[in-house]
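A.B. asks: This structure is in structure tokens; I'll ask about it shortly.
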Amino acid sequence: MTVDGVMLGIPAMPPPVLTERRKTRQLQVGKVGVGSDHPVSIQSMTTTLTSDVNSTLQQIAELTAAGCDIVRVACPSQDDAEALPAIAKKSGIPVIADIHFQPKYVFAAIDAGCAAVRVNPGNIKKFDDKVGDIAKAAKDAGIPIRIGVNAGSLDPRLLEKYGKATPEALVESALWEASLFAEHDYHDIKISVKHNDPVVMVRAYELLAEQCDYPLHLGVTEAGPAFQGTIKSAVAFGALLSRGIGDTIRVSLSAPPVEEIKVGTQILQSLNLRPRKLEIVSCPSCGRAQVDVYTLAEQVTAGLEGMEVPLRVAVMGCVVNGPGEAREADLGVASGNGKGQIFVKGKVIKTVPESQIVETLIEEAMRIAEDMEPVEGAAPVVTAAG
């Protein structure tokens, strides 16, 4: 897009990625395509009682607004199973039923119209004996199944064989169950092999990717509180996604589920796997800074929250990197000596006192945004550059 003869916005051409996606089978989870022919999708899981339909749908709406593509709901009881039809029908995004312990709820979820079902073979009673019936029901309904193997609920037979939840144990469990479905000519399968240790988790997915072409759902299970869980998930997902491994992700945090979507979005954007809207580039500050760059960046971010256009804004606090970064951005400020030079695509348009920097940047951003096209499918991102 051009304003006053100057090209603005994050480039329209697809940005480069580190490697091509691993080729997989293709699945359809409701309206969301899953596999190497489709974008990596972001999932989360509701924390409400599924039997509380209104509260669950409200949380799903919040997740949808934050950028969630697919949502999972727990189904541990008959009351939850009875709530699934209403939730699946009224949700704005595909609903996956999460099933443990009782195989009867797998069939209830399929009958309820859920877009997919997640099963944990390690803790569902006599699961292997039910595979044929489950495969037929899922095939008749035209829905996929995720085989979700977790370190904390690994099949006792494999725990005895390997001694603990090793990468090899997780992969063997998942592939064994997938082979049972294949015997019944059912192949609409997605697999996850989650562990709370990112090193074990990464190795498990590496082994799995080498041995099958099923789409893979990435997750570091029980990743922890927000800060720790964000770091562990970013490290693990980055290691795999940067090599083309992974088709859906779920950041598991001990935090409100909307925070999981925010982190997942940031991870995908950082790897150019999801388009960006607003991007704020701000320096981490140092002894050279002559303005309060922390406060400036926070205030600009707050003032532009929710912006729907692909705009890169640089908030810089010193004369070393400031002018260069500001010139490279669509809109920027290079600050020093209590004032700031405002740049629009490399050109200084005005110099303002420090007290007017935030107000001026927001005004200019809004002016530019009026002439730009919104970008769909991405949440705002704030990145740091120094």
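The values are calculated or read from the model by the stated rules, or taken from the named source; none is laboratory data. The model shown is predicted, which means the values in this text are computed figures rather than measured ones. Neighbour counts are summed over all protein chains in view; Cβ atoms, including those assigned to glycine, are modelled from backbone coordinates with ideal geometry. SASA here: full protein model, heavy atoms, side chains in, ligands and nucleic acids out. Shrake-Rupley method; radii C 1.70, N 1.55, O 1.52, S 1.80 Å.
A.B. asks: So the check is Cβ under 7 Å with 6+ separation or different chains; which pairs have a first residue in region 32-48 that's at pLDDT 95 or above and a second one that's among the basic types (Lys, Arg) and in a loop (DSSP other than H, G, I, E, B)?
C.D. replies: What qualifies is Gly35/Arg25; Ser36/Arg21; Ser36/Arg22; Ser36/Lys23; Pro39/Arg274.
A.B. asks: For the subset of region 222-241 comprising residues that are outside any helix (DSSP H, G or I) and open to solvent by less than 40 Å² (accessible area, probe 1.4 Å), which member is nearest to Gln269 (Cα to Cα)?
C.D. replies: Step one: of region 222-241, the residues outside any helix (DSSP H, G or I) are 222-225.
If we keep only those that are open to solvent by less than 40 Å² (accessible area, probe 1.4 Å) as well, we get 223-224.
Values: Ala223: 21, Gly224: 22 Å.
Here the residue is Ala223.
A.B. asks: While we're on this one: Among Gly219, Gly142, Gly244, which is modelled with pLDDT of 95 or more, open to solvent by 40 Å² or more (accessible area, probe 1.4 Å) and of a type in the set (Gly, Ala, Ser)? Walk me through how you get there before you give the answer.
C.D. replies: Values: Gly219 fails: open to solvent by 40 Å² or more (accessible area, probe 1.4 Å); Gly244 fails: open to solvent by 40 Å² or more (accessible area, probe 1.4 Å).
Among Gly219, Gly142, Gly244, only Gly142 is modelled with pLDDT of 95 or more, open to solvent by 40 Å² or more (accessible area, probe 1.4 Å) and of a type in the set (Gly, Ala, Ser).
A.B. asks: Residue pairs, Cβ under 8 Å, 6 or more apart or interchain, first in region 226-245 and under 14 Å from Leu216 (Cβ atoms), second of a type in the set (S, T, N, Q) and open to solvent by 40 Å² or more (accessible area, probe 1.4 Å). List them.
C.D. replies: Matching pairs, first to second residue: Arg243/Thr19; Gly244/Thr19.
A.B. asks: Moving to a separate point now. Of the residues Ser173, Ser179, Ser192, Ser252, which single one is small (Gly, Ala, Ser), outside any helix (DSSP H, G or I) and more than 12 Å from the chain's Cα centre (by Cα)?
C.D. replies: From the options Ser173, Ser179, Ser192, Ser252, the qualifying one is Ser192.
A.B. asks: If a residue must be in a loop (DSSP other than H, G, I, E, B) and closer than 15 Å to His100 by Cβ, how many such residues does region 115-141 contain?
C.D. replies: We begin by selecting, within region 115-141, every residue in a loop (DSSP other than H, G, I, E, B); these are 115, 120-126.
With closer than 15 Å to His100 by Cβ added as a condition, the list becomes 120-126.
Selection size over region 115-141: 7.
The rows are residues; the columns are (1) closer than 30 Å to Arg146 by Cβ; (2) surrounded by fewer than 16 Cβ atoms within 10 Å (Cβ to Cβ).
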{"site": "Gln269", "(1), (2)": "yes, no"}
{"site": "Arg274", "(1), (2)": "yes, no"}
{"site": "Glu305", "(1), (2)": "no, yes"}
{"site": "Asp330", "(1), (2)": "no, no"}
{"site": "Ser335", "(1), (2)": "no, no"}
{"site": "Gln341", "(1), (2)": "no, no"}
{"site": "Ile349", "(1), (2)": "no, yes"}
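A.B. asks: Across region 177-213, what is the total count of residues that are touching a residue at least 12 places away in the same chain (Cβ under 8 Å), within 20 Å of Ile134 (Cβ to Cβ) and among the aliphatic types (A, V, I, L, M)?
C.D. replies: So the count comes out to 5.
A.B. asks: Let me ask you something else. Is it true that some residue in region 45-61 is in contact with a strand residue (DSSP E or B) (Cβ under 6 Å, 6 or more places away or on another chain), aliphatic (A, V, I, L, M) and in a strand (DSSP E or B)? Spell out how you get there, then give the answer.
C.D. replies: Taking region 45-61 and keeping what is in contact with a strand residue (DSSP E or B) (Cβ under 6 Å, 6 or more places away or on another chain), we get 45-46, 50, 60.
Subset that is aliphatic (A, V, I, L, M): 45, 60.
Checking which are in a strand (DSSP E or B) leaves us with 45.
Taking every residue of region 45-61 in turn, at least one turns out to be in contact with a strand residue (DSSP E or B) (Cβ under 6 Å, 6 or more places away or on another chain), aliphatic (A, V, I, L, M) and in a strand (DSSP E or B).
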